[in-house]
Amino acid sequence: MSWLHVYEDFDDLSEAEKIQLFEAIKDTLFPEQRLKVDKVAEEVRDSRFSSGLACVHCGSKTVKRNGKYRSRQRYLCKDCGKTFNDLTSSPLAGTHYPDKWLKFIEYMLDGMTLPKIANRLHIHVSTAFYWRHKVLYALRSLGHDALNGIVESDETFFLESHKGRRRVTFRKPRKRGGVAKKRGIRKEQVCVLVAMDRNGDIVSQNAGNVRITAVEIDAVLGTRLAPGSLLCKDSAKNYVAFAKMKGLHHEVITVHKGVYVRKGIYHVQHVNAYHRRLKKWMERFQGVATKYLDNYLFWFRFLERYKEITPYEAKRSILRNMSKRACGVTVGYLRAV
């Protein structure tokens, strides 16, 4: 049969069917190196037990093999008496579609919307939503790295959002994210504090509503600045008070007076550029619920740190990272948040 005969009926297909046909042809003609489904558990095991097999419940290393269930090795902890397998307390635990997770991570890294992911993988859109946040909560459980050397810090602001909440009676609803009623910093905004060093390590976290205090800055950065760090920040009094509180060397960049660089090296241009990229990236979600904001901040931080590697390696990296530490976030937990 000629390919022309096959192509004759192409226009009769729906848009979704055309995309499915394209994906099938692409996978056949240009096969990408893929992680096999039966290798997922092995990847997870290598990541979370890299320093030796240990109980995911209590951390004890006195564990033994305890048979298999559905071809998956189980272990028994001699100290706490609980059993577990390679996927216990990982985002993949209890999933009904383990064969779809690798594609889901790929689509997630591509920034595909939840309805499109659900359509491609033939799952419900709420399932895609729960999978996304199981991954993001697992990444958040790893915490931030310490910042060293010259550290730039500044704040950016997002509208407070109750997206997903059934009843919002204290204000009129905003559509697709919406905009603030008035210009400037208002009570309806939340403050995201971003700090980064010259090595590319990033701390990004929701720090509170409106203008934050030195105490709130300390809650975010206090334990994440390595000894001997030098803080570059604007002339806001809250940062000055924080620097004095922690005994930090600091350089004040008075941008409002036209001073952008001091002594040829001290500035906040990297962190301000990060703010612009973060804001642009967040637009695709048309408003993020404030209760989930830290999850999305970690997601963007991951994309920034691994943007130089191939999509295949990024997929493997997120699979390994989200499985490093036991994280008991379940669908039931997400529904209750």
(request) Restrict the check to the stretch 305-320 and report whether at least one residue is under 29 Å from residue 255 (Cβ atoms), modelled with pLDDT under 90 and in a helix (DSSP H, G or I). (result) yes
(request) For the stretch 134-147, enumerate the residues that are under 22 Å from residue 311 (Cβ atoms) and crowded, with 19+ Cβ neighbours inside 10 Å. (result) 134, 135, 136, 138, 139
(message) Can you find, within the stretch 1-24, the residue that is modelled with the highest pLDDT among those that are exposed (fewer than 10 other Cβ atoms within 10 Å of the Cβ) and in a helix (DSSP H, G or I)?
(response) 15
(request) Note down all Cβ pairs under 6 Å where the first residue falls in the stretch 324-337 and is surrounded by 16 or more Cβ atoms within 10 Å (Cβ to Cβ), the second is at pLDDT 75 or above and assigned to a loop (DSSP other than H, G, I, E, B), and they're at least six residues apart or on different chains. (result) 325/141; 326/56; 326/89; 327/141
(message) Please return the ranges of helices (runs of 4 or more DSSP H) entirely within the stretch 69-178 where 2 or more residues are within 30 Å of residue 217 (Cα to Cα) and touching a residue at least 24 places away in the same chain (Cβ under 8 Å).
(response) 125-140
(request) Quickly run through the stretch 135-164 and pick out the residues that are farther than 30 Å from residue 210 by Cβ and touching a Phe, Trp or Tyr at 6+ places or on another chain (Cβ under 9 Å). (result) 135
(request) Answer yes if at least one residue in the stretch 254-272 is closer than 15 Å to residue 196 by Cβ, assigned to a strand (DSSP E or B) and of a type outside the set (D, E, K, R), and no otherwise. (result) yes
(request) Would you tally the residues in the stretch 230-255 being touching a His at 6+ places or on another chain (Cβ under 9 Å) and hydroxyl-bearing (Ser, Thr, Tyr)? (result) 2
(request) Hey, could you check the stretch 289-336 for residues that are touching a helix residue (DSSP H, G or I) at 6+ places or on another chain (Cβ under 6 Å) and β-branched (Val, Ile, Thr) and say which is farthest from residue 161 (Cα to Cα)? (result) 318
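I'd like the full set of residues that are surrounded by 17 or more Cβ atoms within 10 Å (Cβ to Cβ) and more than 21 Å from the chain's Cα centre (by Cα), limited to the stretch 219-229.
225, 229
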(message) Can you find, within the stretch 33-69, the residue that is modelled with the highest pLDDT among those that are closer than 21 Å to residue 104 by Cβ and exposed (fewer than 11 other Cβ atoms within 10 Å of the Cβ)?
(response) 38
(request) Considering only residues that are of a type outside the set (Gly, Ala, Ser) and over 15 Å from residue 144 (Cα atoms), look in the stretch 287-298 and name the one that is surrounded by the fewest Cβ atoms within 10 Å (Cβ to Cβ). (result) 291
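Surrounded by 16 or more Cβ atoms within 10 Å (Cβ to Cβ), modelled with pLDDT of 80 or more and in a helix (DSSP H, G or I): which single residue out of 276, 284, 301 fits that description? Full working, then the answer.
On the way: 276 fails: surrounded by 16 or more Cβ atoms within 10 Å (Cβ to Cβ); 284 fails: surrounded by 16 or more Cβ atoms within 10 Å (Cβ to Cβ).
Only one candidate qualifies: 301.
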(request) List the number of the failed condition for residue 217; all other conditions in (1) part of a helix (DSSP H, G or I); (2) more than 22 Å from residue 143 (Cβ to Cβ); (3) β-branched (Val, Ile, Thr) hold. (result) (2)
(message) So in the stretch 189-217, with the set limited to residues that are buried (at least 18 other Cβ atoms within 10 Å of the Cβ) and acidic (Asp, Glu), which one is farthest from the chain's Cα centre (by Cα)?
(response) 197
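The values are calculated or read from the model by the stated rules, or taken from the named source; none is laboratory data. Keep in mind that this is a model prediction, so the values were computed, not measured. Every residue, glycine among them, receives a Cβ derived from its backbone with ideal geometry; neighbour counts consider all protein chains shown.
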